[in-house]
Amino acid sequence: MESIWEKTVHLPKFESLRNDIRADVLVIGGGLAGLLCAYELTQAGVDCVLAEAGRLCGGVTKNTTAKLTVQHGLIYHKLLKEFGPERTRAYLEANQAALKRFRTLCRDIPCDFEERPSYVYSLDSRKELEQELAALDKLGHPAVLADKVPLPFPVAGAVRFDRQAQFNPLKFAAGLLNGLKIFEHTRVLEVKTGEAVTGGGRIRADHIVVATHFPFLNKFGCYWLKMYQSRSYVLALEGGPNLDGMYVDGSGKGLSFRNDHNLLLLGGGGHRTGKQGGGWAVLEDFTRRHYPGAQPVCRWAAQDCMTLDGAPYIGLYSPRLPRLYVVTGFNKWGMTSSIVAANLVTDLILGRDCPYQEVFSPSRSVFHPQLAVNAGESSLNLLTPTRPRCPHLGCALKYNPQEHSWDCPCHGSRFAEGGQLLDGPATGDLPHPPPKHSKA
Ligand code: FES
């Protein structure tokens, strides 16, 4: 189940760490967020090393649909209510700066960067779209209410942002690697003050950035309570229409669309990891009904960290740990959020003022209804007496018949049928292979 990006791009391989080393900054995690942190810090003249547990971009980055947009669903109306105008404007400006940085970087990196309009549609609520437009008007961001979109079902309308973009994430990542100090297959086992312990040696560093998708240090920051993970599915269709734009359902539960060369990427079927969901079956059914001439040529799934209030956590891992940083919780908008994270972390490490610090602060308020949902889900699965158990914090794993994996509903760790770790925050395989299972 390789994505179209993996099929077309093969990133160079890097050695694993075999001795003790020292650097100004250690970045843990070699997805796009970690790579961009290492890239921006190195560009700023900082001696930086990156340690990746597996292969570079081997997690979410290879499975994204790679939309570069500041339009993160119908988020601005919601953020205005949650954060007020000042912090919402900071969120918007941080993402506008990220999109601008992508434009600059992509001039020199051949990565199929293309400008496209971005649309968030609603199936039935014109009011939600109008509220979003009013919020954008208040923030001074141009947007248009489109009555029609070229999708094969009726909509109440769509909010359109012009001059957004799409690209090939692995081609882009390949263009960042020159001059970076990278160790692959180097899992960080423990982080102490100013030092990370790996199987191949110790890395001493003044600053450490945890960019491991879901943070793996449980003792601090309560990320296991502040986030859950969500899976979503993608089909690449040959013979589908060219939609000349990027489209996503504003409810967060529907479908997404974008083209890549002659393919149409159809996304959806999402659900909380470890729960039942529509998966690829929803997308296949939609294809049969609406694009009968199209053929799926490739399919894959992505996994995203979802925060309590819809904004990422970027900044100090915990107020008690002054030189340990975290970048996580991108809420399915990982491309622009990765650059926001790289800019913000670089500013923090270099002691520069950053106007976006507060809105992304990982220690902002946790009083949000989603906190109770997360706590309830964890309690329920901790008390469920079935096996196998998740080695992260002990929840009961659920069999995922679509992907033949064992998934954790608490925080989203996943394991292959043989027990091998697929996704964190767990950091190792299951101690015993789980029982054979053919259906949920
Ligand atoms: Fe936390 Fe499973 S991922 S208990």
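The values are calculated or read from the model by the stated rules, or taken from the named source; none is laboratory data. None of these values were measured; they are calculated from a predicted model. So basically every Cβ, Gly included, is an ideal-geometry build from the backbone, and we count neighbours across all protein chains shown.
Quick look at the numbers
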read-out: From the options 310, 279, 250, residue that is at positive phi and modelled with pLDDT of 95 or more; value: 310
read-out: Where residue 195 falls short, out of the listed (1) within 16 Å of the ligand (Cβ to nearest atom); (2) over 20 Å from the mean Cα position of the chain (by Cα); (3) not hydrophobic (A, V, I, L, M, F, W, C); value: (1)
read-out: Tally of residues being assigned to a helix (DSSP H, G or I), in contact (Cβ under 8 Å) with a residue 24 or more places away in the chain and buried (at least 16 other Cβ atoms within 10 Å of the Cβ) across region 317-370; value: 19
read-out: Test: residue in region 402-416 that is assigned to a helix (DSSP H, G or I), at pLDDT below 95 and in contact with a helix residue (DSSP H, G or I) (Cβ under 9 Å, 6 or more places away or on another chain); value: no
read-out: Scan of region 390-417 for residues that are among the hydroxyl-bearing types (Ser, Thr, Tyr) and more than 8 Å from the ligand (Cβ to nearest atom), ordered by number; value: 399, 405
read-out: Within region 18-113, helices (runs of 4 or more DSSP H) holding 1 or more residues that are of a type in the set (S, T, N, Q), within 19 Å of the chain's Cα centre (by Cα) and under 18 Å from residue 331 (Cα atoms); value: 85-108
read-out: Region 393-420 residues that are free of Cβ contacts under 8 Å to residues at least 12 places away in the same chain, paired with ones that are assigned to a loop (DSSP other than H, G, I, E, B) and within 13 Å of the ligand (Cβ to nearest atom) (beta carbon under 7 Å, 6 or more apart); value: none
read-out: Qualifying residue in region 129-148 (condition: within 22 Å of the chain's Cα centre (by Cα) and of a type outside the set (Ser, Thr, Tyr)); value: no
read-out: Of residues in region 167-190 being part of a strand (DSSP E or B) and touching a residue at least 60 places away in the same chain (Cβ under 8 Å), the one farthest from residue 263 (Cα to Cα); value: 189
read-out: Any pair with Cβ under 8 angstrom, 6 or more apart, that starts in region 215-242 at a residue that is of a type in the set (A, V, I, L, M) and ends at one that is part of a strand (DSSP E or B) and within 12 Å of the ligand (Cβ to nearest atom); value: 227/305
read-out: Residue within region 128-138 that is among the charged types (D, E, K, R), under 30 Å from residue 261 (Cβ atoms) and assigned to a helix (DSSP H, G or I) present; value: no
read-out: Members of region 191-220 found to be farther than 23 Å from residue 421 by Cα, touching a strand residue (DSSP E or B) at 6+ places or on another chain (Cβ under 8 Å) and in a loop (DSSP other than H, G, I, E, B), listed by number; value: 194
read-out: Of all residues in region 6-23 being touching a helix residue (DSSP H, G or I) at 6+ places or on another chain (Cβ under 9 Å) and either surrounded by 15 or more Cβ atoms within 10 Å (Cβ to Cβ) or small (Gly, Ala, Ser) (or both), the one that is nearest to residue 43 (Cα to Cα); value: 11
read-out: Qualifying residue in region 169-176 (condition: under 20 Å from the mean Cα position of the chain (by Cα) and within 16 Å of the ligand (Cβ to nearest atom)); value: no
read-out: Single residue of region 375-389 satisfying the filter (over 22 Å from the mean Cα position of the chain (by Cα) and within 21 Å of residue 270 (Cβ to Cβ)) that is nearest to the ligand (Cβ to nearest atom); value: 381
read-out: Candidates 276, 295, filtered to the one that is in contact with a Leu (Cβ under 9 Å, 6 or more places away or on another chain), farther than 30 Å from residue 341 by Cα and either surrounded by fewer than 17 Cβ atoms within 10 Å (Cβ to Cβ) or among the hydroxyl-bearing types (Ser, Thr, Tyr) (or both); value: 295
read-out: Matching residues in region 201-231 - criterion: being among the hydroxyl-bearing types (Ser, Thr, Tyr) and surrounded by fewer than 23 Cβ atoms within 10 Å (Cβ to Cβ); value: 230
read-out: Index of the failed condition, residue 428 passing every other in (1) more than 25 Å from residue 320 (Cα to Cα); (2) within 11 Å of the ligand (Cβ to nearest atom); (3) surrounded by fewer than 20 Cβ atoms within 10 Å (Cβ to Cβ); (4) in contact (Cβ under 8 Å) with a residue 24 or more places away in the chain; value: (2)
read-out: Residue ID - farthest from residue 332 (Cα to Cα), chosen from residues in region 247-301 that are among the aromatic types (Phe, Trp, Tyr) and not in a loop (DSSP other than H, G, I, E, B); value: 286
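Residues checked against (1) without any contact (Cβ under 8 Å) to a residue 40 or more places away in the chain; (2) hydroxyl-bearing (Ser, Thr, Tyr); (3) more than 30 Å from residue 176 (Cα to Cα); (4) touching a strand residue (DSSP E or B) at 6+ places or on another chain (Cβ under 7 Å):
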residue: 57; (1), (2), (3), (4): no, no, no, no
residue: 73; (1), (2), (3), (4): no, no, no, yes
residue: 77; (1), (2), (3), (4): no, no, yes, no
residue: 92; (1), (2), (3), (4): no, no, no, no
residue: 111; (1), (2), (3), (4): no, no, no, no
residue: 119; (1), (2), (3), (4): no, yes, no, yes
residue: 139; (1), (2), (3), (4): no, no, yes, no
